[in-house]
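Participant: This structure is in structure tokens; I'll ask about it shortly.
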């Protein structure tokens, strides 16, 4: 059954947990693991754009679709505000088994292939009016963080002509072990993924990244720790095999023909004990490796390194995230504004 057949037309927009005019809509999906599992995605819609005389029209014919990262969900209303201030319509998608879709007795975040997400992405785009190539006069900007950046990069490669541009916030384009480590580990991961796909690895996650984010810890953001746990979701071989397979596709080259912006911190820090420098570093990815791998995305890729940024650059301290927003705005004027629409 195609994604358009699975759109529950009876499901109306409902007030979202974010409040202040945010709405969300459930999307019923085809079961991909257990045929008896009720699988949903959730599309979140921000309030109508806020018009400002100085920005009127800069992105007034643009729709943005945001996809979150691993062990995450959409809560970044300030990110939506940036786009709304430029006149864009902003949507965010909580993928299956994440955030608003988490259910008891399911494996959080688990999929056996990233291609599975094509269904909810297609369904979301249909709701947004971008169901097929050429059926909308509005531009489509895809915005992905971490794993969401990997997901959207591959989707754009499989669906040329659908998106006008791609913006990636610390995309997970390569393992922290770098390419050599991934190539060495992949046979083991793939074997476990075939025979024991849902037996969780024993991974030590100290929770340092969440310490920098959550207002319940040392950060500033009101994060639902049931939806974005401090020590991350369990890691399963079947899921990790899907990730490494996708990363190999990036390594082989995606040849995207749309302008692509990649935002990364200036440095990474990995440590078994807490370091104050973690408040100004990416503690999740090896940013140098990702910066190099980003050159395999397509023929028009811009890489911007943000000094002292966190893994999610838009959740960094205020002066730092403002630099990130300035970088996006400057890039949009060159590649992504409505006045520079790709022919």
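Participant: Being in a helix (DSSP H, G or I), free of Cβ contacts under 8 Å to residues at least 60 places away in the same chain, surrounded by fewer than 24 Cβ atoms within 10 Å (Cβ to Cβ) and out of contact with any strand residue (DSSP E or B) (no Cβ under 8 Å at 6 or more places or on another chain): is that true of residue 115 here?
Facilitator: yes
Participant: Separate question: Just checking, which of 290, 284 is under 21 Å from the mean Cα position of the chain (by Cα), assigned to a loop (DSSP other than H, G, I, E, B) and crowded, with 21+ Cβ neighbours inside 10 Å?
Facilitator: Answer to the check: 284.
Participant: Within region 305-319, how many residues turn out to be surrounded by 17 or more Cβ atoms within 10 Å (Cβ to Cβ) and under 11 Å from residue 266 (Cα atoms)? Reasoning before the result, please.
Facilitator: To start, the set of residues in region 305-319 that are surrounded by 17 or more Cβ atoms within 10 Å (Cβ to Cβ) comprises 306, 308-316.
Then drop every residue that is not under 11 Å from residue 266 (Cα atoms), which leaves 306, 308-311, 313.
Total satisfying the criteria: 6.
Participant: Further, regarding this structure: Any residue at all in region 26-42 that is in a loop (DSSP other than H, G, I, E, B), within 29 Å of residue 330 (Cα to Cα), in contact with a helix residue (DSSP H, G or I) (Cβ under 9 Å, 6 or more places away or on another chain) and modelled with pLDDT of 95 or more?
Facilitator: No, the conditions are met nowhere in region 26-42.
Participant: Further, regarding this structure: If residue 234 meets every condition in (1) buried (at least 18 other Cβ atoms within 10 Å of the Cβ); (2) in contact with a helix residue (DSSP H, G or I) (Cβ under 8 Å, 6 or more places away or on another chain); (3) assigned to a loop (DSSP other than H, G, I, E, B) apart from one, which number is that one?
Facilitator: (2)
Participant: Does residue 140 meet the test of being assigned to a strand (DSSP E or B) and under 23 Å from residue 209 (Cα atoms)?
Facilitator: When the stated conditions are applied, residue 140 does not pass them.
Participant: Report the residue count in region 241-271 for those that are crowded, with 18+ Cβ neighbours inside 10 Å and within 21 Å of residue 210 (Cα to Cα).
Facilitator: Summing the residues that are crowded, with 18+ Cβ neighbours inside 10 Å and within 21 Å of residue 210 (Cα to Cα) in region 241-271 gives 4.
The values are calculated or read from the model by the stated rules, or taken from the named source; none is laboratory data. Keep in mind that this is a model prediction, so the values were computed, not measured. Positions of Cβ are generated from backbone atoms using ideal geometry, with glycine treated the same way; all protein chains shown enter the neighbour counts.
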